[in-house]
Amino acid sequence: FLGSLGAVKEGLTLTKADTAVFVEIEWVPSVLDQAEKRIHRISQERLCRAFYLVAPNSLDEAVSRSLLRKRQDIARVME
């Protein structure tokens with residue numbers, strides 16, 4: 001699957017796909033998690049992968065770094 005987060009975060013289920021390539025990024029980690037989970041469902045038996053296309057020196061790169069920090073903070077709180 002190649003598409004936008006807006007398409008998959010609203011209920012699209014991709015049980016036949018095992019790889020997703022997203023062409024945009026969101027500020028909220030849970031939005032990314034939900035989009036990634038669309039290809040990993042109970043009936044999915046293959047390894048699932050999600051990739052994000054991020055251009056160097058772009059706003060998406062800055063958002064990506066921010067998301068990494070947010071995910072680390074969330075992991076520490078959940079411990």
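The values are calculated or read from the model by the stated rules, or taken from the named source; none is laboratory data. Bear in mind that the values here come from a model prediction, so they are computed numbers and not experimental data. FYI the Cβ positions are ideal-geometry reconstructions off the backbone, even for glycines, and counts take in every protein chain you see. Note: areas computed on protein heavy atoms with side chains; ligands, DNA, RNA excluded. Shrake-Rupley method; radii C 1.70, N 1.55, O 1.52, S 1.80 Å.
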Just give me the residues in region 61-79 being open to solvent by less than 50 Å² (accessible area, probe 1.4 Å) and either in contact (Cβ under 8 Å) with a residue 24 or more places away in the chain or not in a helix (DSSP H, G or I) (or both), in sequence order.
-> Val63, Ser64, Ser66, Leu67
Any chance you could count how many residues in region 31-50 are loosely packed, with under 11 Cβ neighbours inside 10 Å and in contact (Cβ under 8 Å) with a residue 24 or more places away in the chain?
-> 2
Hits in region 34-60 - residues which are in a loop (DSSP other than H, G, I, E, B) and among the basic types (Lys, Arg) | Arg38, Arg41, Arg46
Selection from region 51-60 of residues of a type in the set (Gly, Ala, Ser) and either open to solvent by 100 Å² or more (accessible area, probe 1.4 Å) or in contact with an Asp or Glu (Cβ under 9 Å, 6 or more places away or on another chain) (or both) yields Ala55
